[in-house]
Amino acid sequence: MKLEYGLIWPATKVLGPGNRFVIWTQGCPRRCFKCASPELQVAGLGKTEDVSVLADMIIGKKDIDGITISGGEPMVQAEAISQLLSIVRQERPELNVILFTGYRLEDLHTENRKALLQYLDVLIDGEYIDGLNDNIGLRGSSNQQVHYLTDRLATFREQLEGGRRRREIHVLGDNELLTIGISDKYTNNGCYGEEQ
């Protein structure tokens with residue numbers, strides 16, 4: 001099975017506790033106002049890779065503590081993400097997983113979306129609403145909720161829900177930067193990943 005993604009970053013410290021492997025999926029039907037990653041909205045414009053290849057990349061990255069999956073909208077590709085995480089979990093069960101979705105937990109009715117939840121430790125749900133961006137924690141706006149689906153990240157509750165937002169800026173090449181972090185209400189950029 002294939003997964004379409006817009007960007008992969010092998011190690012960041014700003015999208016959850018510890019050092020994290022991040023996948024930004026490609027494709028999102030939601031079109032949130034002031035989306036920080038509008039380039040990830042249209043499906044078919046990203047890169048496509050077999051989930052086993054992506055799993056091998058994650059498994060081989062020995063200096064990570066967890067995985068963060070954002071987008072786009074990951075729930076659009078719930079079956080592929082489930083397969084990916086299933087492979088990773090067999091080899092690296094110690095890795096925790098955070099996933100961002102614009103859908104509410106109670107609205108994840110399809111079989112594939114419900115099945116994905118078993119591989120997640122934290123789900124941050126709800127549509128991004130720019131007027132509710134309160135500059136707090138890992139969620140983008142105050143209407144979003146942090147759900148602890150396991151207790152693996154419960155000790156990081158204060159950081160996830162009320163911690164200071166941080167950013168990383170990486171130079172990718174000539175005149176190309178990657179900003180990783182959660183958008184703040186003052187600059188409204190770098191929400192989940194942004195190439196400039």
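Read-outs: derived from the displayed coordinates by stated rules, not from any lab. Nothing here was measured: the structure is a model prediction, and the numbers come from that model. All Cβ positions, even for glycine, are placed from backbone atoms using ideal geometry, and neighbour counts span all protein chains on display.
Per residue of the range 65-80, what does 6.51 cos²θ - 1.76 cosθ + 1.60 with θ = phi - 60° give for ³J(HN,Hα)? Whole Hz please, x for Gly and Pro, Karplus curve as stated.
9, x, 10, 10, 10, 9, x, x, 10, x, 5, 5, 10, 4, 5, 5
Taking residue 62 as the anchor, which aspartates and glutamates have their alpha carbon closer than 12 Å to its alpha carbon, excluding any fewer than eight residues away along the same chain?
91, 94
In whole Hz, what ³J(HN,Hα) sequence does the range 89-106 give by Karplus (6.51, -1.76, 1.60; θ = phi - 60°), x for Gly and Pro?
These are the phi-based 3J(HN,Hα) values: 4, 5, 9, 10, x, 6, 6, 8, 10, 10, 10, 9, 9, x, 7, 7, 3, 5 Hz.
Can you give the charge dipole size of the range 2-166 about its Cα centre, rounded to the nearest 20 debye, using +1 on the beta carbon of Lys and Arg and -1 on the beta carbon of Asp and Glu? All intermediate terms of the calculation are to be shown ahead of the outcome.
On the way: 20 positive and 22 negative charges, 76 e Å.
Taking the Cα centre of the range 2-166 as origin, the dipole is about 360 debye.
Please give the calculated 222 nm ellipticity per residue for the chain, where each DSSP H segment of at least 4 residues contributes -39500 (n - 2.57) and the sum is spread over every residue; nearest 500 deg cm²/dmol?
That comes out to -5000 deg cm²/dmol.
Once the cut-off is 25 Å, how many percent of the Cα-Cα pairs in the range 2-166 end up in the long-distance tail?
The answer is 24 percent, as a whole percent.
With unit charges on the beta carbon (Lys/Arg positive, Asp/Glu negative), name the residue among 135, 96, 74 whose Cα is farthest towards the positive pole of the charge dipole of the range 68-151.
96
First measure r as the distance between the Cβ atoms of residue 34 and residue 154, then evaluate 1/(1 + (r/R0)^6) with R0 = 30 Å and state the FRET efficiency to the nearest 0.05.
Plugging the Cβ-Cβ distance into 1/(1 + (r/R0)^6) gives 0.45.
³J(HN,Hα) across the range 149-164 via Karplus (A = 6.51, B = -1.76, C = 1.60, θ = phi - 60°), whole Hz, x for Gly/Pro?
Those phi angles translate into 7, 9, 9, 4, 10, 4, 5, 9, 3, 4, 5, 5, 8, x, x, 6 Hz.
If you take every DSSP beta bridge whose two residues both sit in the range 2-166, what share of them, in percent to the nearest 5, is antiparallel?
Antiparallel bridges: around 50 percent, rounded to the nearest 5.
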